[in-house]
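First up is the structure itself, then whatever we jot down about it.
The values are calculated or read from the model by the stated rules, or taken from the named source; none is laboratory data. In this text the structure is predicted, and so the values were computed from the model without any measurement. Reconstructed Cβ throughout: ideal geometry from the backbone, glycine too, with neighbour counts over all protein chains shown. Just so you know, the surface numbers come from the protein's heavy atoms only, side chains and all, with ligands and any DNA or RNA stripped out. Shrake-Rupley method; radii C 1.70, N 1.55, O 1.52, S 1.80 Å.
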Amino acid sequence: MGILSLYCGDRLLAQELAQETFVRVCRDWNRVKAKDNPRAWMHRVAINLTNSYFRRRAAERRARRRHDSLPQASVEVPDADMSLAVKSMLAKLSKRQRAVLVLRYYADLPFSEIASVLGCPEPTARSLARRGLKRLRKEPLASELREVPNAT
């Protein structure tokens, strides 16, 4: 543990990493004892675990900074009745129409990406969206929903 304390600069973290190192040594003991220098292998595992820990922390910080720099949109939480109504209406569409509409209006993907996901030409994705929206607008509950934007 002394090596890890010096290497990572944090005694508590070093204790956790040493514990994980010993767990791995015990788990793989049959393989470890056959090595020329099991102690060196154990030190290498400890150093690798420490490096991985710091890489993860750096990646998390970068992701947090990227997330914090994005504009924060207000998210409306739909009520349960409305969610059920939308799911019921979507269930009446073909699988492809449903997929296009969900990818377009829920995942907010452009039609070029939707076409790529579905493995079809972009005009086909647009056509599926138009037909799906036309079908949805005929549903009795459609008038209660907010206006759905055009699929163009």
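Grab the DSSP H runs of the chain that are 4 residues or longer, score each as -39,500 (n - 2.57), total them, divide by all residues and round the 222 nm result to the nearest 500 deg cm²/dmol. Working shown, then result.
Numbers: 8 runs with 103 residues, N = 152.
Rounded to the nearest 500, the figure is -21500 deg cm²/dmol.
Label sites at Phe54 and Ser116, each approximated as a point 7 angstrom past Cα along Cα to Cβ, lie 3.6 nm apart.
Give me the Å³ per residue figure for the convex hull around the C-alpha atoms of the chain. Numbers along the way, then the final one.
Values: hull volume 34.4 nm³, N = 152.
Taking the convex hull of the Cα positions in the chain, it is 227 Å³ per residue.
Apolar share of the accessible surface for the chain: 55 percent from carbon plus sulfur atoms, 1.4 Å probe.
Once C-alpha pairs closer than 8 Å and six or more residues apart are averaged by separation and normalised to the residue number of the chain, the relative contact order reads 14 percent. Between Ala80 and Gln19, the simple label model (points 7 Å from Cα in the Cβ direction) yields a spacing of 4.0 nm.
Over segment 1-106, with the other protein chains present, what is the accessible area per residue in square angstrom, probe 1.4 angstrom?
Numbers: 8230 Å² over 106 residues.
Dividing the accessible area of segment 1-106 by its residue count gives 78 Å².
Between Ser94 and Arg64, the distance separating the two model label sites (each 7 Å from Cα on the Cα→Cβ line) works out to 4.8 nm.
What is the sum of charges around His67, taking Lys and Arg as +1, Asp and Glu as -1, for the other residues whose C-beta is under 12 Å from the C-beta of His67?
Numbers: positive: Arg61, Arg62, Arg64, Arg65, Arg66; negative: Glu60, Asp68.
Local net charge: +3.
Other residues within the sphere of radius under 11 Å centred on the Cβ of Ser112, judged by their own Cβ, net out at -1 (K and R +1, D and E -1).
For the chain, the tally of Lys pairs with Cα-Cα distances below 17 Å comes to 6, considering only residues 8 or more apart or on different chains.
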